[in-house]
Amino acid sequence: MYKSALCLVCVSLLLGPSLSCYQCFVEVQDSLRLCWGHILTEHNVRNVDSCFRKLDRIFNNHERVIEAGRVGKGYDKQLKELLDGEILPMVEEFDRKRNNDTVYEERLQTAADNFIAAASKLPRVSGCLPPCGFQSAGAVYNCITCQYDSCELPLDCPVKEVTAMENSRIQMWCEVPFHLPGNIEVIWRFAEEVKTQQVDQFKEVTAGLDTIYSIPSSSLQHVGTYQCEIYSVQRSIVRLYFYLTGGRFLPAPAGPPHSLTTSPLLLTACLTALLLLLFLSMGALYWSVLPEQTSHAEQEEEYLGL
């Protein structure tokens, strides 16, 4: 009866409002064995509750312990191995043996420091990459909840606008900054003429593995919103949106931005100016030669009159 009551009190102390890696990985029975011989030096009495409060202070309320436990997905097993390696030898050593509280303080603090040093070397993750998508690889272990935290980001990404030129080639890439599983399926959908994220407005266009959607020659019929949804094992991971702007398409440039193009009108004007210049030059030449011819004619007439 007394043992059951003691066990209940200890469980309530360990599973109180502040949880940490210790509660996630160390069994309550092992903690009872560890704290069985805890002696309050001041009063020389055995006090298990005081031992559990010491565990709570050294492990559960220790920010460095919690931070060290924030490992990448799949490494919680290594956390348990590290903590078991520090605590279980003490359990075997202290079981049914009396030790002063100062001994417990020193040994438990050393165990916590060793755990922090070793756990901090385990692989970390970059965390969640906003603004969207289900990112299982970005989750980190949480010693307060004893589970992996999800990113809790929306599946729908913001709409990206794509400016189209008439008869130009358009490409849209269904790409995300976070890691994707190997077995993905990509579905492209289209909502004609509107800018929207309402799922029921889209009609499926293609399905498969292609993460690129191409339009060889854009026109007004391509104006609207394109949705790319990535699945893995029938679970939606992310939805991307591309709005191909419409209303009126801009004419495609005839050549490079700084290239010079000869138009027929410009060519006609140049030829006309050249011909006009030629006629003016010939006229000036004619009028410059005419006085000399008149002078010679007059001299010949005077000569003949003599």
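The values are calculated or read from the model by the stated rules, or taken from the named source; none is laboratory data. Bear in mind the structure is a predicted one, so any value in this text is a computation, not a measurement. Positions of Cβ are generated from backbone atoms using ideal geometry, with glycine treated the same way; all protein chains shown enter the neighbour counts. Quick note on the areas: whole protein, heavy atoms, side chains included, nothing else; ligands and nucleic acids left out. Shrake-Rupley method; radii C 1.70, N 1.55, O 1.52, S 1.80 Å.
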Please determine, by comparing only the residues of region 62-104 that are of a type in the set (Phe, Trp, Tyr) and open to solvent by less than 50 Å² (accessible area, probe 1.4 Å), which one is farthest from Asp30 (Cα to Cα). Tyr104
For residues that are open to solvent by less than 40 Å² (accessible area, probe 1.4 Å), over 24 Å from the mean Cα position of the chain (by Cα) and of a type outside the set (A, V, I, L, M), tally how many sit in region 159-189. 1
Single match in Glu106, Glu86, Glu152, Glu166 (criterion: among the acidic types (Asp, Glu) and touching a helix residue (DSSP H, G or I) at 6+ places or on another chain (Cβ under 8 Å)): Glu86
Can you name the condition, by its number, that Thr145 falls short on among (1) in contact with a Leu (Cβ under 8 Å, 6 or more places away or on another chain); (2) β-branched (Val, Ile, Thr); (3) surrounded by 12 or more Cβ atoms within 10 Å (Cβ to Cβ)? (3)
Considering residues of region 180-200 that are touching a strand residue (DSSP E or B) at 6+ places or on another chain (Cβ under 6 Å) and either free of Cβ contacts under 8 Å to residues at least 12 places away in the same chain or basic (Lys, Arg) (or both) only, the residue farthest from Tyr226 (Cα to Cα): Lys195
List every residue pair whose Cβ atoms lie under 7 Å apart, where the two residues are 6 or more positions apart in sequence or sit on different chains, the first residue falls within region 112-131 and is among the charged types (D, E, K, R), and the second residue, located anywhere, is at pLDDT below 90 and open to solvent by less than 70 Å² (accessible area, probe 1.4 Å). Arg124/Gly72
When every residue in region 198-228 that is surrounded by 17 or more Cβ atoms within 10 Å (Cβ to Cβ) and polar (S, T, N, Q) is compared, the one modelled with the lowest pLDDT is Ser218
Of all residues in region 85-131, which are of a type in the set (Asp, Glu) and within 36 Å of the chain's Cα centre (by Cα)? Asp113
Assess whether Ile87 counts as being modelled with pLDDT of 95 or more, of a type in the set (Val, Ile, Thr) and not in a loop (DSSP other than H, G, I, E, B). yes
